[in-house]
1. Name every residue in the stretch 31-51 that is assigned to a helix (DSSP H, G or I) and within 28 Å of the chain's Cα centre (by Cα), in order of residue number.
2. Mind checking whether some residue in the stretch 374-392 is of a type outside the set (Gly, Ala, Ser) and modelled with pLDDT of 80 or more?
3. Answer yes or no as to whether residue 225 is farther than 17 Å from residue 187 by Cα and either buried (at least 19 other Cβ atoms within 10 Å of the Cβ) or among the hydrophobic types (A, V, I, L, M, F, W, C) (or both).
4. Please go through the stretch 356-370 and pick out each residue that is within 18 Å of the chain's Cα centre (by Cα) and in contact (Cβ under 8 Å) with a residue 60 or more places away in the chain.
5. Restricting to the stretch 136-167, what's the tally of residues that are surrounded by 15 or more Cβ atoms within 10 Å (Cβ to Cβ), part of a loop (DSSP other than H, G, I, E, B) and among the small types (Gly, Ala, Ser)?
6. Out of 105, 67, report the one residue that is under 23 Å from residue 146 (Cβ atoms), in a loop (DSSP other than H, G, I, E, B) and at pLDDT below 95.
7. Looking at the stretch 268-292, I want the residues that are on the phi < 0 side of the Ramachandran plot and among the basic types (Lys, Arg) and have a partner that is modelled with pLDDT of 95 or more and part of a helix (DSSP H, G or I) with Cβ atoms under 9 Å, at least 6 apart or on another chain. Which pairs are those?
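The values are calculated or read from the model by the stated rules, or taken from the named source; none is laboratory data. Please read all numbers here as calculations on a predicted model, not as lab measurements. We place every Cβ from the backbone using ideal geometry, glycine too, and count neighbours over all the protein chains shown.
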Amino acid sequence: MTAAAMAHPLPPSLVLRHAVVVMRHGDRSPISNKLGNTALDVKFWRTRLPSEGELEAWSSAHPVHGPTKRLDHPNNPLGQLTTLGARQCRDVGAAVAARLQEHAPHLDATSAPTARSTNMRRTVQTAQCFLSGLGAPVGTVVHVREWLDETLVPNVNKTPALGTALKGADVTAEESNAIDAPELRARLVATLGFTSPSAVPVSQVREVLVCLSAHSQPLPSGLTADDVHSVEELDARVWARRYRPVPVARLGMGPLLHELRSLLTSIAAGERAGGVDVFACHDTSLVAMLCAMDAFDERPVGYASSLLLELAEDDLEGTFFVRTLLNFEPIVFGGELGAPECPHGSEWVELTHFGRGVLCNATEPAEHATLAKAVAASAAVGNATGSAAEQALADLLTGRQEGGRGRL
């Protein structure tokens, strides 16, 4: 990983001012204790978890500020960060530190990093292990919010209208999902005892099979490593259909994109010092975020995957630019956003265009509330063509700031 992190240095004309890391938690034990007609060995998964002493040491080094009870507190050992996952997260932190030391030695990224996590054990521990790998000072806090204030996931509890938008997206995608990978679905039905190909819970199948494969555990009889990979790819396609629609993107990830836009802008304006911010979240978070940025290529988002936003300044011109890297590989945005005509290369997008274009689905609080009301009102009238509610929703969605979104 360190070798990959050393690639793609900054152009000599740019100076790195800040790095934002949005990362999925590391390897975990399965969330489910059974898959169809196959029960899992819960005792085995207890042996894959860090010791209580290790957990206490992590919390002592990087205490949590926020709710004291994790939402998954009764689930041990299911859905918990494994020893392998902890190592993956430390490796990402170390890779970011090495990258900054190599390409931005002026930026003391370890002096005052900030960390935020969803209120889950595995993500809190992910943030703690990332900070350890980064070399953050002992005492660096991991901030956690109450779930009703959480923006690191598409949060139906925070925004009930998002549930309405997701139902609409699921209905639209239902036909495509049902006919996608029919042979694979039929094999899963025969192996795991599901009632029909359309009834296969693809995400649950994926999460369990990936866990078994990562820990060299036997797969259900009749399934192979190739099937695991195919299920991952199928699930990525299903999620893309779910999270790409604009109402879902704006209601689900709009608040987080707004936070990121405000963060980058405040650093460029000199309102806060640069360094490193890390956000520890879930694969759902990264997929939905990439969809909202029009940057999801339907490849599975693995454990400890990271989305790195680099804010750099052309200090001769006083202009700021942003580069986005997924697992240390740049995402290139097309259209007006930067790419061929950008003086620093196609990977870089001028900050203003980045905010208007790549983050065009960002929603400020008042805008978010208005959109939520419009989605709810449109659903209440059954999306009748030509209705006032439908037109109001259309105006809100088409009126958002565009900036040439799209990938090359």
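1. Residues satisfying the conditions are 42, 45, 46.
2. Yes, some residue in the stretch 374-392 is of a type outside the set (Gly, Ala, Ser) and modelled with pLDDT of 80 or more.
3. no
4. Scanning the stretch 356-370 gives 358, 359, 361, 362, 363.
5. Total satisfying the criteria: 1.
6. 67
7. 272/263; 272/266
Yes/no per residue for (1) over 16 Å from residue 93 (Cα atoms); (2) not in a strand (DSSP E or B):
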| position | (1), (2) |
| --- | --- |
| 290 | yes, yes |
| 297 | yes, yes |
| 300 | yes, yes |
| 303 | no, yes |
| 307 | no, no |
| 311 | yes, no |
